[in-house]
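Structure record follows, encoded as structure tokens.
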Amino acid sequence: MNNPFFNNNGPFKLRDILNDLSLENDQNNQDQSIIDIKDLQNSKSNEITFFHSKKYKTAANNTKASYCITTKNLQNELPKSCIPIIVDNVLVSTSMVTAKFYPDSIYDDYDNTVEEINKTKFNDKVEFGRNVLLGKNVSIGFNCKIGHNTIIEKNVIIENNCSIGSNIIIRNTFIRNNVRILDNCVIGKHGFGFFPNDNKNLRYPHMGIVLIEDDCEIGCGSTIDRGSMSNTTIGKNTYLDNQIHIAHNVRIGENSIIAGQVGIAGSSIIGNNVKIGGQAGISGHLKIGNNVEIAGGSGVIKDIPDNSKVMGYPAKNIRQFLKENR
């Protein structure tokens, strides 16, 4: 789904973007308007994207973007319809352009728009505890409950029959029907995205959202970061145990079960019907197939195909692991 929350300050002329990147204005179409920045898969004509790793070669080959921030070594992977913008550091340059389009997506200070729920239109529509605060642009469906000391900050949509526990903070999130979020969770805040640049850390804008599909449960003390450019997604009927961290842009499929203290790094994709044991760690930018089982304490550092069972560090086929560790 498209992001319904952050305002796009575009369009911008190509020359303005090149100037911001301190690049020579040698393009013939400097007056071309660029309307948005998106990832390789979702970008369209008159939009700009980025390509920084051969891991995304297939997506780069098929991108519909008119322009792409990339390197000299990768530019030939782009279709002829996509004009490369050559830079030294793709991710830093992409961060600068994203901040130009979405300046309000960089930081997450406290939401000063919140007010007590009993002073809002939801006073008679929602069952709630003490000290519940709501921000602007919040929508809550019927038969929902909100526990004590919970803050639903700006830009949150909660559909029907949802239970939101106590001491929770939610922002920039779309929660569908029949979802249970247990106590002490933080959902939809800025992800851990920054790049060292000239002896300082450049904070990466996060203009994606968190999307939690129907019939999910999020355990106590869990943190789900919103997406940077795409969305962080929890699929239907997926259950997360306590103290789990889901980083930005992670996509978890349907009917999955993830035990306590699991960490999933940014932009990894988890398939359907996946089971992950407690304290397992999954590195970023990986693809975990459908029907995969990952034993507790495992460290996953490469893609796992469908119907696999793995354990250990680095995680490997469970039969191979047991054979090597008799």
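When each of THR58, THR71, THR63 is tested for being buried (at least 17 other Cβ atoms within 10 Å of the Cβ) and without any contact (Cβ under 8 Å) to a residue 40 or more places away in the chain, the lone residue that passes is THR63.
Among the residues of this structure, ASP111 counts as one that is in contact with an Asp or Glu (Cβ under 6 Å, 6 or more places away or on another chain), closer than 23 Å to SER163 by Cα and assigned to a loop (DSSP other than H, G, I, E, B).
Residues of the stretch 160-175 that are without any contact (Cβ under 8 Å) to a residue 40 or more places away in the chain, outside any strand (DSSP E or B) and closer than 20 Å to THR238 by Cβ: ASN160, ASN161, CYS162, ILE168.
What do you reckon, is LYS44 of a type outside the set (Asp, Glu), under 19 Å from the mean Cα position of the chain (by Cα) and either more than 23 Å from PHE194 (Cα to Cα) or open to solvent by 80 Å² or more (accessible area, probe 1.4 Å) (or both)? Here the answer is no, as LYS44 does not meet what is asked. Scan the stretch 225-237 for residues that are surrounded by 24 or more Cβ atoms within 10 Å (Cβ to Cβ) and more than 8 Å from the chain's Cα centre (by Cα) and jot them down. Across the stretch 225-237, the qualifying residue is only ILE234.
Consider the stretch 74-125 and keep the residues that are among the polar types (S, T, N, Q) and crowded, with 19+ Cβ neighbours inside 10 Å. The one that is farthest from the chain's Cα centre (by Cα) is SER93.
For residues that are crowded, with 17+ Cβ neighbours inside 10 Å and assigned to a strand (DSSP E or B), tally how many sit in the stretch 187-208.
Of the residues in the stretch 187-208, 2 are crowded, with 17+ Cβ neighbours inside 10 Å and assigned to a strand (DSSP E or B).
As a summary of the residue check, ILE244 satisfies the conditions (1) crowded, with 18+ Cβ neighbours inside 10 Å; (2) over 19 Å from the mean Cα position of the chain (by Cα); (3) among the hydrophobic types (A, V, I, L, M, F, W, C) except for the one numbered (2).
The values are calculated or read from the model by the stated rules, or taken from the named source; none is laboratory data. As the structure is a computational prediction, the values presented were derived from the model and not from experiment. Cβ atoms come from the backbone with ideal geometry, glycine included; neighbour counts cover every protein chain shown. Only protein heavy atoms, including side chains, enter the accessible area calculation; ligands, DNA and RNA are left aside. Shrake-Rupley method; radii C 1.70, N 1.55, O 1.52, S 1.80 Å.
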